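Dumping the structure here so I can ask a few things about it.
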Amino acid sequence: MAIRTVGVIGCGLMGSGITQVAAQGGFQVVVVEANDELLQRGLGKLKQTLDGLVERAKIDAKQRDATWGRISGTVKLEDLKGCDLVVEAMTENQALKNETFAKLDRICPPHALLASNTSSCNVTAMAAATKRPGKVLGLHFFNPVPLMKLVEVVRTILTEDEAARAATEWVKAAGKVPVQAKDSTAFIVNRLLVPYLLDAIRVYEGGLATIEDIDQAMKLGCGYPMGPFTLLDLVGLDTTMYVAEVMFDEFREPRYAPPPLLKRMVMAGHLGRKTGKGFYDHGAQNR
């Protein structure tokens, strides 16, 4: 199948990034938000991002204008009725996602693929909420979407081969590198990454080393671009804890259980860069 028009649900951090790479890849994009205030805020930040790329000579003004011209915004889910692919990038709420996929199934044309950008929710449950389970899959992008090349293409036991192939080809056309994964909690990256991050917190809790030295050790000893605590602050401590709790609930293995320090930092509102304070103090400018 040919994918020409893409719908994106959510114009926050992930949704706007997916919108940007899809539009830069030459696709018409319809982005949906819950209300006009959120929509205008998301589109405004996206416009600033494109302007910034021109200022840094990453793209020229003509490319910016062409990209912007492929994007339209709406607050009506029904406006996705002409899309060949819809990527849902809402909050990690299983019930809300299931409900949204059931609505999309009624709105979108029969050939349309329905995909979720979820990092922890059950894609099979979303597929089961539709009458086209074979055309439902996960497309898990990574933050920040415009810079991170990877997309996990997540197949359920119901996903048709042709749907997976079409989604994979679209990911490539959008300038990303696809890897194939089964619909199992946390997929590939988070299944390996989250226990590592939790273990770093436990090492610090145990008094083995300082936050700074643990970060430095992993950067210089393992060649990682950033240490675990820098990454935790970037991802968000609340996000990490949520994914860890989902993984622990699924597998009941102690290594997936959030450490006490992580729980208390989330309770205290120390969530990382987005609140200005996490394991590091990021200053008021990041609040």
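Only one of E169, E152, E162 is touching a Pro at 6+ places or on another chain (Cβ under 9 Å), more than 24 Å from Y242 (Cα to Cα) and acidic (D, E). Can you tell me which?
E169 is the lone residue from the list that is touching a Pro at 6+ places or on another chain (Cβ under 9 Å), more than 24 Å from Y242 (Cα to Cα) and acidic (D, E).
Collect the residues in segment 236-268 that are surrounded by 11 or more Cβ atoms within 10 Å (Cβ to Cβ) and at positive phi, keeping them in residue-number order.
The one that is surrounded by 11 or more Cβ atoms within 10 Å (Cβ to Cβ) and at positive phi: G236.
Which condition number does P225 fail, the rest of (1) assigned by TED's automatic domain parsing to the domain that holds G134; (2) free of Cβ contacts under 8 Å to residues at least 40 places away in the same chain being met?
(1)
Evaluate the following for T67: is it among the hydroxyl-bearing types (S, T, Y), touching a residue at least 24 places away in the same chain (Cβ under 8 Å), closer than 22 Å to K172 by Cβ and out of contact with any His (no Cβ under 9 Å at 6 or more places or on another chain)? Walk me through it before giving the result.
Numbers: among the hydroxyl-bearing types (S, T, Y): yes; touching a residue at least 24 places away in the same chain (Cβ under 8 Å): yes; closer than 22 Å to K172 by Cβ: yes; out of contact with any His (no Cβ under 9 Å at 6 or more places or on another chain): yes.
Yes.
D281 versus (1) surrounded by 14 or more Cβ atoms within 10 Å (Cβ to Cβ); (2) charged (D, E, K, R); (3) within 20 Å of E212 (Cβ to Cβ): which is the lone unmet condition?
Of everything listed in (1) surrounded by 14 or more Cβ atoms within 10 Å (Cβ to Cβ); (2) charged (D, E, K, R); (3) within 20 Å of E212 (Cβ to Cβ), D281 misses just condition (1).
Tell me, which residue of segment 17-59 that is in contact with a Lys or Arg (Cβ under 6 Å, 6 or more places away or on another chain) and free of Cβ contacts under 8 Å to residues at least 40 places away in the same chain is nearest to G82 (Cα to Cα)?
Ranking the candidates gives L50 first.
Restricting segment 58-110 to residues that are in a helix (DSSP H, G or I) and touching a strand residue (DSSP E or B) at 6+ places or on another chain (Cβ under 8 Å), which is farthest from E37 (Cα to Cα)?
That would be D105.
Can you find a residue in segment 41-49 that is surrounded by fewer than 19 Cβ atoms within 10 Å (Cβ to Cβ), β-branched (V, I, T) and assigned to a helix (DSSP H, G or I)?
The answer is yes, given that some residue of segment 41-49 is surrounded by fewer than 19 Cβ atoms within 10 Å (Cβ to Cβ), β-branched (V, I, T) and assigned to a helix (DSSP H, G or I).
The values are calculated or read from the model by the stated rules, or taken from the named source; none is laboratory data. Note that this is a predicted model, so its numbers are computed, not measured. FYI the Cβ positions are ideal-geometry reconstructions off the backbone, even for glycines, and counts take in every protein chain you see.
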